[in-house]
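Laboratory data are not the source of any read-out in this text; all were calculated from the coordinates shown. Keep in mind that what you see is a predicted model, and the values were worked out from it rather than measured. We place every Cβ from the backbone using ideal geometry, glycine too, and count neighbours over all the protein chains shown.
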Amino acid sequence: MGENRVSILGGAALPVGKLQGLSDAGTQHLEHEVLAKLVVEALEDAGLEKEDVGSMIFTLPRPYTQQKYFATFMANYMRLPCDGLVMEVMGNGMTPALTFQVAVDQVRLGRTKVALALGINFETGTPSHEHMMSSMRATGDVDFHVPFGYTPISWYAMDAVRYIHEHNSSREDLAMVAVKNRRHAMFNPIAQYRKPMTLEDVLSQRPIVEPLGLFEVPGRGDGAVCLVVAEEDIAKSTGRPYVNIRGEGFFHEGAHQISEIPNDMISFQAAQRAGKKAFTDAGISASDLDLAEVYAPCTIVEVLVAEALGLCPRGQGAQQAASGETALGGRIPICTSGGLLSRGHPAYVTALYSYFELLEQLRGRGGKRQVDQAELALACTELGNYNAAMVHILEAVA
């Protein structure tokens, strides 16, 4: 990463949940008020003042957000002049990771000393059918996918069928990913779903797309996160624990959702390539990691990305989740936050929750879900059907 190190030294996150009623339900939580409070909390956590901030990089709000030009409105609302950059970022499920990357690059390029990576995702005030038609059904190729009714859950279900077939796995093994993540979420105060859950609970739910049932796919939720990114010299000057960005990797395979070219659909080539770049950049290997937070909307996705990144051997990811190797106390805990299935999946800020979880873990603030002596952690985010992946490796600094 060179000498110009970039650090994460503070953060704040809203508990994930259904925070908005339908538009005719009366008083609502207002996005700008909620996010402004998180900015105050994150800067306090970092030991910095509002005046230290030079750039604010926002995730693009959901299209239902009434306040347009949200980033510049927020700069006004917080009375926060910036001489670096104020902008919104959009990139499918990778939106929050790209937002974080732009904030990091602002600092690394010397354009600002302190940047905020922040965003808010309010969507539960919009009826499910409207949300489906404007988002889920619009993600595929409008000529090749959409006419046949494909949605993201459909192609993840296809991945699951293929995985079970190729590796003699089972739905039970895949379902244990959901059980494991719920167990983690029980200890996470900002998780959306914390009620204890058994394998039988998962298997008894109604199917969404075979072989995935209700508890094996993500629910809808609202959320918001603010992270404070800065030059390491500033992080050092606070005298507080912080986290350094040690390695980065990105790769886009040049395909959209399901490729029309025959390929190994469950190898997640983008995650393999991005992970390799990040490990090389950091000068470590997968075996050096203490934990990982991965973007996995369904049980099968966590399995496949864990294998692609080398966290689990090919064909053994589901079995290792079932046996506890990827759980707290296991060889490589994955999704200690509860992941997308239990921590929650407010999509346009989901990856920011991943970075926040790793920030907490690497500063020893994980509470009952704390990974012992955590020093190195990985975050991975995707877009499409893992057509692209972005990987960051973070390192604790006492």
Distance in Å, no decimals, from the C-alpha centre of region 218-277 to the one of region 166-198 is 22 Å
Scan (1) 20.8, 64; (2) 22.5, 72; (3) 19.8, 58 for the value of Rg and Dmax of the Cα atoms in Å calculated from this model and give just the label.
-> (3)
So, relative contact order of the chain in percent, Cα under 8 Å, 6 or more apart, is 25 percent
Taking GluC sites (Glu not before Pro) in a DSSP loop with at most 10 other Cβ atoms within 10 angstrom as exposed, one finds the longest site-free stretch of the chain at 50-259
Residue-span extension gain [residue 267 to residue 240] - 0.36 nm each, minus C-alpha spacing = 5.7 nm
Grab the eigenvalues of the alpha-carbon gyration tensor for region 201-322, scale each by 5, take roots, and send me the semi-axes largest first in whole angstrom.
-> 31, 21, 16
Nearest-0.05 FRET efficiency for residue 83 and residue 195 at R0 = 41 Å, using Cβ-Cβ distance, is 0.30
Three-way shape call for region 329-398 based on the alpha-carbon gyration tensor, with the a/c threshold at 1.5 | prolate
Please build a GNM for the chain, connecting alpha carbons under 10 Å apart, and tell me which residue among 289, 358, 341 fluctuates the most.
-> 289
Got a sec? Charge dipole of the chain, +1 on Cβ for Lys and Arg, -1 for Asp and Glu; which of 310, 198, 374 is way out at the positive end?
-> 198
Show the residues, 5+ positions off or on another chain, whose built amide H is closer than 5 Å to the amide H of residue 247.
-> 393
Under 5 Å between amide H atoms, partner at least 5 residues away or on a different chain: which partners does residue 18 have, H built in plane at 1.01 Å?
-> 222
What's the FRET efficiency of residue 64 with residue 168 using the Cβ-Cβ distance as r and R₀ = 51 Å, to the nearest 0.05?
-> 0.70
What chymotrypsin sites (Phe, Trp or Tyr not before Pro) does region 134-199 have in DSSP loop regions with at most 16 other beta carbons within 10 Å?
-> 144
In whole Hz, with x marking every Gly and Pro, tabulate ³J(HN,Hα) for region 339-355 from phi via Karplus 6.51 cos²θ - 1.76 cosθ + 1.60, θ = phi - 60°.
-> x, 5, 6, 10, 5, x, 9, x, 3, 7, 10, 3, 5, 4, 5, 5, 5
Roughly how big is region 262-350's charge dipole about its Cα centre, with Cβ charges of +1 (Lys, Arg) and -1 (Asp, Glu), in debye to the nearest 20?
-> 120 debye
Find how many whole Å separate the alpha carbon centroid of region 68-118 from the alpha carbon centroid of region 318-388.
-> 24 Å
Once you have the Cα-Cα distance between residue 128 and residue 259, take 0.36 nm times their residue separation minus that, and quote the gain in nm to one decimal.
-> 44.4 nm
When the chain is treated as a Gaussian network with springs between alpha carbons less than 10 Å apart, the largest mean-square fluctuation among 181, 387, 263 is found at 263
Going down the list 37/236; 180/368; 50/236, which pairs span over 23 Å between their C-alpha atoms?
-> 37/236
